[in-house]
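Chemist: Before we start, here is the structure in question, set down as structure tokens.
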Amino acid sequence: MNFHMSVSVPHGVSNKAFRSSFTGIYDIAMNINAQVFKGFMAGIQFRTNDWKTADNKIPGINTHAKAHNGGLRISYEFVRSEQSTAFVGITAERSMIKYSGLSINSGTDLMLLKDKDFYNSVVLDAGMFFYTEGNFAIGFNLATVFTNYNFDPYALYLNQHHAYIASDLNGTWTHFNLGFNLVYSFLNKIGKT
């Protein structure tokens, strides 16, 4: 049984409207896993991330997009040596994104405002960690997050500050994360799963 925490910087990959509006600040994932049989782990995961409208994307506004995700995870750990383990995993999540700090021109009819949305996501991740002391390890990870979320800047009135064309709305939101992880193994000694 182990606990993984990864801290990474998310980078938008698809849905041009989202990519041209927001910059990733952080993505933090925490999961607890139990060994099902040799190398195979199953567990639960909570993940949160924050995105911001940077001045190089939409100057003068301070809108944040915060996503919260929870789901079930399956992974496989490859013991490389007594001190190192590599892993691959897949997580199915239910997700919610909430926007704050919206800048909407006065006199705007807010009937179409939609500052919260729910969607599903699948996370594919891989990485490696190295035991440093006892059952504690540090390492690196990368992940790709696929969602069925169709970002609509018009529902947030971002079009009042930035021009979008119809093709910018194509595709669902996908992002790539690169960062580091911390691992603590509750039951096992170094390099053993």
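The values are calculated or read from the model by the stated rules, or taken from the named source; none is laboratory data. This structure is a prediction, so every number in the text was calculated from the model and none was measured. Positions of Cβ are backbone-derived with ideal geometry, glycine not excepted, and every protein chain shown enters the neighbour counts.
Chemist: Considering every residue within segment 76-87, establish whether at least one is of a type in the set (Gly, Ala, Ser), in contact (Cβ under 8 Å) with a residue 12 or more places away in the chain and in contact with a helix residue (DSSP H, G or I) (Cβ under 6 Å, 6 or more places away or on another chain).
Modeler: No; the residues of segment 76-87 include none that is of a type in the set (Gly, Ala, Ser), in contact (Cβ under 8 Å) with a residue 12 or more places away in the chain and in contact with a helix residue (DSSP H, G or I) (Cβ under 6 Å, 6 or more places away or on another chain).
Chemist: I would also like to ask the following. Please find, among PHE37, PHE18, the residue that is of a type outside the set (Ser, Thr, Tyr) and within 20 Å of ASN150 (Cβ to Cβ).
Modeler: PHE18
Chemist: Additional query: Could you tell me which residue of segment 90-103 is farthest from THR63 (Cα to Cα), considering only residues that are free of Cβ contacts under 8 Å to residues at least 40 places away in the same chain and within 16 Å of the chain's Cα centre (by Cα)?
Modeler: ILE90
Chemist: Quick check: anything in segment 157-167 surrounded by fewer than 19 Cβ atoms within 10 Å (Cβ to Cβ), in contact (Cβ under 8 Å) with a residue 60 or more places away in the chain, in a loop (DSSP other than H, G, I, E, B) and of a type in the set (Phe, Trp, Tyr)?
Modeler: yes
Chemist: If a residue has to be more than 17 Å from PHE130 (Cα to Cα), at pLDDT below 95 and assigned to a strand (DSSP E or B) to count, how many in segment 60-86 make the cut?
Modeler: 0
Chemist: Do we have any residue at all in segment 116-127 that's out of contact with any helix residue (DSSP H, G or I) (no Cβ under 8 Å at 6 or more places or on another chain), farther than 26 Å from THR23 by Cβ and among the hydroxyl-bearing types (Ser, Thr, Tyr)?
Modeler: No, the conditions are met nowhere in segment 116-127.
Chemist: Let me ask another. Take ASN56 and tell me if it is closer than 26 Å to ILE104 by Cα, surrounded by fewer than 19 Cβ atoms within 10 Å (Cβ to Cβ) and of a type outside the set (D, E, K, R).
Modeler: Yes, satisfied.
Chemist: Only one of these is modelled with pLDDT of 95 or more, under 18 Å from LEU124 (Cβ atoms) and part of a strand (DSSP E or B): ILE25, ILE44, ILE32. Name it.
Modeler: ILE44
Chemist: Which one is farthest from the chain's Cα centre (by Cα) among residues in segment 168-188 that are surrounded by fewer than 18 Cβ atoms within 10 Å (Cβ to Cβ), under 30 Å from MET5 (Cβ atoms) and aliphatic (A, V, I, L, M)?
Modeler: So, considering only residues that are surrounded by fewer than 18 Cβ atoms within 10 Å (Cβ to Cβ), under 30 Å from MET5 (Cβ atoms) and aliphatic (A, V, I, L, M), the one farthest from the chain's Cα centre (by Cα) is LEU187.
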